[in-house]
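The values are calculated or read from the model by the stated rules, or taken from the named source; none is laboratory data. Since the structure is predicted, the reported quantities are computational estimates derived from the model, not experimental observations. Glycine gets a Cβ as well: all are built from the backbone with ideal geometry, and neighbour counts include every protein chain shown. Surface accessibility is based on the protein's heavy atoms, side chains included, excluding ligands, DNA and RNA. Shrake-Rupley method; radii C 1.70, N 1.55, O 1.52, S 1.80 Å.
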Amino acid sequence: MMRGRSLRARLATIPPTRLVLFLDFDGTVAPIVSRPKQARLTAAVKKALRRLARSVPVVIVSGRALGDLRRRVSAPGVHYIAHHGLLYQGPRTAVRWFGPRTPGRLVARWARALRSSAEGISGALVEDKGLTVAVHDRLVRPMQRPLLRRRALRALAPWLKGKTIALVRGKRVLEVRAAGPWGKGAAVAAVLQETWAKGRVPLYLGDDRTDFEAFRAVKKKRGLAIRVGGGRGLVGEDAWVPGPRAVECLLRWLAKRVEAGERRSREAQSSEKQ
Ligand SMILES: [Mg+2]
């Protein structure tokens, strides 16, 4: 497995303008925060994303809702895979669904059941994202976290028994979503079939369990899976970087390479014409 330096050496062998970048949001391009609402990109990351998106496809892949992601990234030309792979939207395309259009009133029932299970547990945060629901326990005292989890599972029992929902565990979060064979991995594999992505070398950067299935999707296409933070060499990643700060450096370095690559091909074109 590669570390930062050898990762760059490997990336240097790929023509920069042939890349397609898949980036998870929380814990990858944005530092983890105690409340999901507080997550922000640094100005440097925003700038690097804008520069990159001008020349190569940049796809943000997250468990967040589409509108939420758009607001937080707000870089023109960026593609989004939202709700853990339930839907995709390109810069000028309609929303594409990879899973069921769960009715909002059903999602609201999951959220209600979870809110009542969280009653009396200080710090528990239930987030209704419209199509999925997240229970965050980062602010819950560690001793109370198993209790919250037990209660949440009990509250969801009718749907779990009926196999109509699936639970996704992430960093200090339990996500509830409609059951089905969709997810970040399936969404990334589907997006890689699009004409704008075909033949490109996919790079995926992610920090959490839901990203690791997407790692497999990019590796099938001879891409590179880069784990951000956590243990090294545990999930079949090709390279490891320590955290969002290192991701920022990598994105800036990539932006520079992509721009230099574009310049070179422009120069080659103009000298051909002469
Ligand atoms: Mg993440």
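Roughly what angle does helix 209-220 make with the longest principal axis of the chain, taking Cα atoms, 0 to 90 degrees, to the nearest 10? Relative to the chain, helix 209-220 is tipped by roughly 30 degrees. Compared with the dominant Cα axis of the chain, that is its longest principal axis, helix 43-55 is turned about 60°.
Applying 1/(1 + (r/R0)^6) with R0 = 45 Å to the Cβ-Cβ distance of THR17 and GLN38 gives a FRET efficiency near 0.80. When both bridge partners sit in the chain, DSSP labels roughly 50% of those beta bridges antiparallel. Across region 180-241, counting alpha-carbon atoms alone, Rg and Dmax equal 11.4, 35 Å. Protein heavy-atom surface of the chain, 1.4 angstrom probe: 51% of the accessible area is carbon and sulfur, with nucleic acids and ligands not counted. By the rule of a C-alpha distance below 17 Å, with chain neighbours fewer than 8 residues away ignored, the aspartates and glutamates paired with LYS163 are GLU175.
What you get for the chain, charging only the Cβ of Lys and Arg (+1) and of Asp and Glu (-1), is a dipole of about 180 debye around the Cα centre. Note that region 21-89 presents 34 Å² accessible area per residue, ligands and nucleic acids not counted, probe 1.4 Å. Here the alpha carbons of the chain define both size measures, Rg and Dmax, at 19.7, 75 Å. Stokes-Einstein diffusion of region 104-178 at 10 °C, 1.306 mPa s viscosity, Kirkwood radius from Cα pairs, rounded to a whole number: 131 µm²/s. Figure legend: label point modelled 7 angstrom from the Cα of SER116 along Cα→Cβ; residues of region 143-169 with amide N under 11 Å from it are 155-156. Accessible surface for region 164-274, divided over its residues, is 49 Å² per residue with a 1.4 Å probe.
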